[in-house]
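Comments concern the structure below.
The values are calculated or read from the model by the stated rules, or taken from the named source; none is laboratory data. What you see is a predicted model; the values in this text were computed from it and never measured. Reconstructed Cβ throughout: ideal geometry from the backbone, glycine too, with neighbour counts over all protein chains shown.
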């Protein structure tokens, strides 16, 4: 709606409210008129072209021009809710994949172990000697199952809190990138930087992971460099490549991966900036507060 339409005396404010939110908005307006304070709350709006938005409104009853009025400040969180849904869907797909891996991989190995053990039990009951090769086959099946469990656990939680944590996980990610794509990938970090908060470490790892994936897929880079530096009470994570950069048509990166990176940064109180020059590469900088010990 235009400013003129919105401030018209004939404009019906409830036209902005999505049907599913009208009851709560009407109830809160009524509470305001009775002099009650209302905490910020979330509701859905409808634009003139029927696009649905999600907002959080902070409102207060005031006297304006000698009349009771409601002053409201609306924060648009539509993009945030979309990203939350995307992350939830990604986690659901990951759980589904893990379920398949458990059934098709580890489940098959354990079934094989059970079958072999049953055969050995029957041999022993029949008084037949058990061979070393039979026991070795069971051992091999158990080892293969253990390897798959280790791979699955790394997918769920790539950061080992018992070792060097975040930096060790990123070093392994860089090694895997080099071996898989034949693109040099390195990491440097101050030896005195400690990131012991598992939530912050996990989001930083996923930001690095997404940055490397984007670089490999889209930039045509010949090298990727990941670095951490200290800036007073903050730390700066940088992911840089020497690829083709972001073209003019994509000067404002809008891909889902980049949007999720920015959202992850917000969740840990960080700021994320993307800069790029044609044929000179792309640099992603994430400035985040160093978690307290």
Residue match in the stretch 213-230 (condition: within 13 Å of residue 288 (Cβ to Cβ) and buried (at least 19 other Cβ atoms within 10 Å of the Cβ)): yes
Residue count, the stretch 26-39 (criterion: at negative phi, loosely packed, with under 12 Cβ neighbours inside 10 Å and in a loop (DSSP other than H, G, I, E, B)): 4
Test set (1) surrounded by 13 or more Cβ atoms within 10 Å (Cβ to Cβ); (2) within 24 Å of residue 260 (Cα to Cα); (3) touching a strand residue (DSSP E or B) at 6+ places or on another chain (Cβ under 9 Å) - residue 52 fails condition number: (1)
Filtered residues of the stretch 120-134 (kept if surrounded by 12 or more Cβ atoms within 10 Å (Cβ to Cβ) and either part of a helix (DSSP H, G or I) or under 39 Å from the mean Cα position of the chain (by Cα) (or both)): 120, 123, 134
The stretch 268-286 residues that are in contact (Cβ under 8 Å) with a residue 60 or more places away in the chain and on the phi > 0 side of the Ramachandran plot, paired with ones that are assigned to a strand (DSSP E or B) and surrounded by 12 or more Cβ atoms within 10 Å (Cβ to Cβ) (beta carbon under 9 Å, 6 or more apart): 281/240; 281/241
Every residue from the stretch 42-56 that is more than 17 Å from residue 3 (Cβ to Cβ) and assigned to a strand (DSSP E or B): 42, 43, 44, 46, 52, 53, 54, 55, 56
Output for the stretch 156-190, where each listed residue is exposed (fewer than 13 other Cβ atoms within 10 Å of the Cβ), at pLDDT below 90 and more than 23 Å from residue 97 (Cβ to Cβ): 161, 162, 163, 182
Candidates 97, 85, 93 - the one that is part of a helix (DSSP H, G or I), touching a helix residue (DSSP H, G or I) at 6+ places or on another chain (Cβ under 9 Å) and either touching a residue at least 12 places away in the same chain (Cβ under 8 Å) or on the phi < 0 side of the Ramachandran plot (or both): 97
Residue that is buried (at least 16 other Cβ atoms within 10 Å of the Cβ) and at pLDDT below 90, where the choices are 205, 263: 263
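For every residue, the table says whether it meets (1) touching a strand residue (DSSP E or B) at 6+ places or on another chain (Cβ under 7 Å); (2) closer than 21 Å to residue 168 by Cα.
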| residue | (1), (2) |
| --- | --- |
| 192 | no, yes |
| 239 | yes, yes |
| 244 | no, no |
| 274 | yes, no |
| 282 | yes, no |
| 289 | yes, yes |
| 292 | no, yes |
Test set (1) surrounded by 15 or more Cβ atoms within 10 Å (Cβ to Cβ); (2) closer than 30 Å to residue 258 by Cβ - residue 90 fails condition number: (1)
